[in-house]
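Read the structure below first, then the notes.
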Amino acid sequence: MQDTLLTIDGLSAGTEDKPILHDIHLELGSGQTHVLMGPNGAGKSTLGHVIMGDPSYQVTSGSITFDGADITDLTSDKRSLAGIFLSYQAPVEVPGVPLYSFLRTICQMRPELKTTARKFRERVGQICEQLELSDSFLMRELNVGFSGGEKKKVEMLQLLLLQPKLAILDETDSGLDVDALSIVSRGIEAYRAQCDGTLLVITHNTRILERLDVDRTHVMVRGHLVAEGDASLVGEIDASGFSRFEDELAAKGGVA
Ligand SMILES: Nc1ncnc2c1ncn2[C@@H]1O[C@H](COP(=O)(O)OP(=O)(O)OP(=O)(O)O)[C@@H](O)[C@H]1O
Ligand SMILES: [Mg+2]
């Protein structure tokens with residue numbers, strides 16, 4: 001039987017004055033690839049942030065279990081150390097912190113990734129080459145002045161370096177040109193192959209899914225997970241959009 005890596009049970013969450021997610025149930029099996037789709041503003045990024053423990057959001061009910069432990073009240077740095085990674089839809093700029101130092105620091109905090117400076121340098125160099133990202137980025141301040149596509153590649157660099165158990169990729173494909181999309185897709189494939197990682201891919205674009213074996217597709221509308229299916233659901237959404245799901249939710253009275 002497939003081991004379950006992440007279980008979300010009856011989760012409701014939002015900001016102090018705005019409920020956003022309503023009674024979410026989600027199970028990700030170890031090594032599986034899940035896709036989360038939904039219209040703009042549905043709550044997809046919020047779910048990613050809540051799984052990561054972003055303190056901007058409060059959990060009002062329900063629980064999150066990761067790798068057998070209840071992490072509902074854990075801070076995001078502890079979740080990160082436990083093996084959860086969130087690739088941000090809009091990666092933040094961190095002035096004053098060179099990318100290389102940032103990467104070295106986060107790896108040194110993880111016993112399984114601690115290594116000599118020389119080996120670390122080699123590994124980072126290999127990944128940069130794989131992502132066709134110039135070494136010169138390593139000395140620049142984290143994300144400061146990086147183009148949209150460069151920021152997404154830097155998120156991939158972190159993913160490949162950290163090899164987390166669970167990677168939540170929030171529109172990692174958005175804003176990428178055709179070549180960059182192909183490089184990032186290969187990076188995701190490499191992550192899956194290297195460590196049998198589990199993926200939750202949030203996307204509006206089915207191109208990125210072409211290279212991935214999708215196990216389950218989930219649809220979110222107005223903070224509710226309204227449908228779940230296999231990879232064919234992606235094709236249906238591509239062809240017909242979300243109106244069917246929105247109508248079904250409205251018919252059930254779920255218009256919160
Ligand atoms: N920190 C916040 N403060 C106030 N409102 C928020 C906050 N975070 C999210 N929201 C609101 O919650 C709703 C869901 O936002 P979210 O970013 O999760 O949507 P999304 O499904 O990721 O959309 P998109 O496809 O456009 O990225 C939106 O109405 C958004 O404005
Ligand atoms: Mg979003």
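Only the coordinates and a few stated rules stand behind these numbers; no lab work does. This is a predicted model, so every value here is computed, not measured. Note that we place each Cβ from the backbone using ideal geometry, even for glycine, and neighbour counts take in every protein chain shown.
Give the residue list of trypsin sites (Lys or Arg not before Pro) in segment 181-256 that are DSSP loop and have at most 15 other beta-carbon atoms within 10 angstrom.
Loop-located and lightly packed - Arg211, Lys252.
Going by amide H atoms built from the backbone, whose H comes under 5 Å of the H on Val144, apart from near neighbours?
Val94
So what J values fall out for segment 43-52 if you push phi through Karplus, 6.51 cos²θ - 1.76 cosθ + 1.60 with θ = phi - 60°, rounded to Hz, Gly and Pro as x?
Calculated HN-Hα couplings, in order: x, 5, 5, 4, 4, x, 5, 5, 5, 7 Hz.
Please report the spacing between the Cα centers of segment 90-141 and segment 184-243 in Å, no decimals.
Taking the Cα centre of each part, segment 90-141 and segment 184-243 sit 28 Å apart.
log10 I(q)/I(0), Debye, Cα-only the chain, no solvent, q = 0.17 Å⁻¹?
For the requested q values the scattering log ratios are -1.41.
Looking at the chain, how many pairs of lysines come closer than 27 Å at the Cα, when each pair is eight or more places apart or spans two chains?
Lysine pairs meeting the criterion: 26.
Place +1 on the Cβ of every Lys and Arg and -1 on the Cβ of every Asp and Glu in segment 102-256, take the dipole about the Cα centre, and give the residue among Ser240, Leu181, Met220 whose Cα lies farthest towards its positive end.
Toward the positive end, the furthest listed residue is Leu181.
With both partners inside segment 4-251, how many of the DSSP beta bridges are antiparallel, as a percent to the nearest 5?
Values: 24 of 41 bridges.
Percent antiparallel among DSSP bridges in segment 4-251 is about 60.
Apply the Karplus parameterisation 6.51 cos²θ - 1.76 cosθ + 1.60, with θ equal to phi minus 60°, to every residue of segment 203-211 and state each ³J(HN,Hα) to the nearest whole Hz, in sequence, with x for glycine and proline.
Values per residue, Gly and Pro as x: 7, 10, 10, 7, 4, 5, 7, 4, 8 Hz.
Cα axis of helix 178-195 to longest principal axis of the chain: angle in degrees, 0 to 90, nearest 10?
The answer is roughly 90 degrees.
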